[in-house]
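Written below as structure tokens is the structure these notes are about.
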Amino acid sequence: MKRYFIHTFGCQMNVNDSLRMGEALAGSGYQPIQSFEDADLIILNTCAIREKAEEKMISALGRYRAVKMSRQALIGVGGCVAQQEKDKLLRRAPYVDFVFGPDAIGLLPEILQRVERGRARVVETAFVDSEHYVFPRADPETSRGKVSEFVTVMKGCDNVCSFCVVPHTRGREVSRPFAQVLAEIADLASVGVREVTLIGQNVNSYRGGISFAELLLRTARIPGIQRVRFTTSHPHDLSDELIDAFRVERRIAPHFHLPVQSGSDRILKKMRRDYTAVEYLGRLEALRKARPGIAITTDIIVGFPGETEEDFDRTFALTEAVRFDSQFSFIFSPRPRTAAGSHEEEWGGMPREVKIQRLERLQRLQREITGQIMSAQVGSVVEVLVEGRSKFNPDRWFGRTAENRAVDFDGSAAAGAIAHVA
Ligand code: SAM
Ligand code: SF4
């Protein structure tokens, strides 16, 4: 048996893609291995969302080169950087054997055959259009023993946010037919999975035969499934129907990740986000009315080209007003082939120190808010879906509340059970 090692960068979508790669490789006689030093095949599943992610993958590639030299391992690069760079990557890294985009995961066995037989270098980065795209089906056996799993419901993105590379690396939106999604979840439930997170770049524009709200409701009714989550959503197509689903179905977990990106309407317009700060706040108000206590989290970009101190103050004020449970905030990173990336200086680039200072101010505020939200929980009893032993201390247990807050606790418990933790 030959052995493979996959290094995954970036988002949950990539983590899921890596699992599908593993399944495709198992069919070609490969088995996974924990240490790359002994691998016959090394795959880097890459992320292009920010420059830093790309730099990390280039430095990892350098490390793997030595293994190639010592034991003739094959090296493949998949994911978003592969899609973006295509054959340029082969020129940039002459020791890379093959490059494949996110739509070519199912072709891995064939790509490997071509590489192994001909010792030829292969580039496979065509997009598969909506009619012909087949979502790789997860093997439920690989989920046995897990309490929580991710299920892909769509790929690609039809939005054109001016900072974002995803439409170029993941192609047009394609929704997975609802019957396939529900069948996969039923299989997962039958091997013990209790919580599923439906994933896609923009899940609430799902069009797989039923509305996204209906998909959530049907998922929640699958025997064995106790909690349903999803990510990520775009504020401009957050429908009333979806908000209502939170009111009627308790198994839809009370947590909503809704990236706002900025609190300034002027910047939102330049970002091509299609909503105003007031509209965003209005959606949250409706959500909080439908499900009091719902946890809200977000993504924010600071230092977008042309962002003035006043624009940033609006983002700061919005964070204070919403009181997010947590946020992922990032410094704007210019990306190839994006409007904001190509016009950074024209639109108003700024010194890096200004960006860092803004990010630090915002993150300091968020830490205070998160601390206050968590302190308010002291003394209450929370329902935790137990996922297994704690990573930090094997004598303790780990799980999450319905709001997606992580909890480590002592006592007796079992994976998959609900524990009441004080
Ligand atoms: N589809 C999701 C949405 O529209 O909100 C976001 C998906 S993206 C993979 C995750 C986050 O990365 C975005 O919400 C954004 O905050 C951040 N991001 C994307 N492009 C960026 C860039 N050029 N610079 C900095 N952060 C970026
Ligand atoms: Fe990128 Fe915007 Fe699509 Fe999200 S909605 S993936 S930020 S283009």
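We did not get these values from a lab; they are worked out from the coordinates using the rules stated. Being a predicted model, the structure only gives us computed values, none of them experimental. Note: ideal-geometry Cβ built from the backbone for every residue, glycine included; neighbour counts use all protein chains shown.
Brief remarks on what is shown
- Residue order for THR308, THR219, fewest other beta carbons within 10 angstrom first, comes to THR308, THR219.
- The value of relative contact order for the chain, using C-alpha pairs under 8 Å at least six residues apart, is 10 percent.
- Taking Lys and Arg as +1 and Asp and Glu as -1, the other residues whose beta-carbon sits under 11 Å from that of GLY416 total 0.
- Prolate/oblate/rounded label for region 1-76 (Cα gyration tensor, a/c 1.5): oblate
- As a proxy for reagent exposure, ranking TYR206, TYR95, TYR275 by other Cβ atoms within 10 Å from fewest up yields TYR95, TYR275, TYR206.
- Exposure proxy ranking for HIS257, HIS168, based on other Cβ atoms within 10 angstrom of each Cβ and starting from the fewest, stands as HIS168, HIS257.
- Rounded to 5, percent antiparallel among DSSP beta bridges of the chain: 25
- Two tests apply to each whole DSSP H helix in the chain, Cα reach of 27 Å or more along its axis and mean Kyte-Doolittle hydropathy of at least -1.0, and the ones passing both are 51-71, 352-375.
- Cα Rg, Dmax, the chain, angstrom units: 22.2, 66
- Length, then width, then depth: along the principal axes, the Cα atoms of region 1-138 run 44, 35, 28 Å.
- Reducing region 215-260 and region 354-422 to their Cα centroids gives an inter-centroid distance of 21 Å.
- Computed from backbone phi, the HN-Hα couplings of region 262-267 come to 7, x, 9, 4, 5, 6 Hz, rounded to whole numbers (Karplus: 6.51 cos²θ - 1.76 cosθ + 1.60, θ = phi - 60°; Gly and Pro given as x).
- Cut-off 13 Å (backbone N to label point 7 Å along Cα→Cβ of ARG389), residues of region 398-422: 398, 415
- Here the alpha carbons of region 154-267 define both size measures, Rg and Dmax, at 14.8, 49 Å.
- Among the GluC sites (Glu not before Pro) within region 105-158, those in coil by DSSP and having at most 16 neighbouring Cβ atoms inside 10 Å are GLU131.
- Each Lys or Arg adds one and each Asp or Glu takes one away; over the other residues whose Cβ falls under 13 Å from the Cβ of SER70, this sums to +1.
- Length-normalised contact order of region 126-232 in % [C-alpha pairs under 8 Å, at least 6 apart]: 31
- The local environment of VAL384, defined by Cβ-Cβ distances under 13 Å, has a net charge of -1 under the rule Lys, Arg +1 and Asp, Glu -1.
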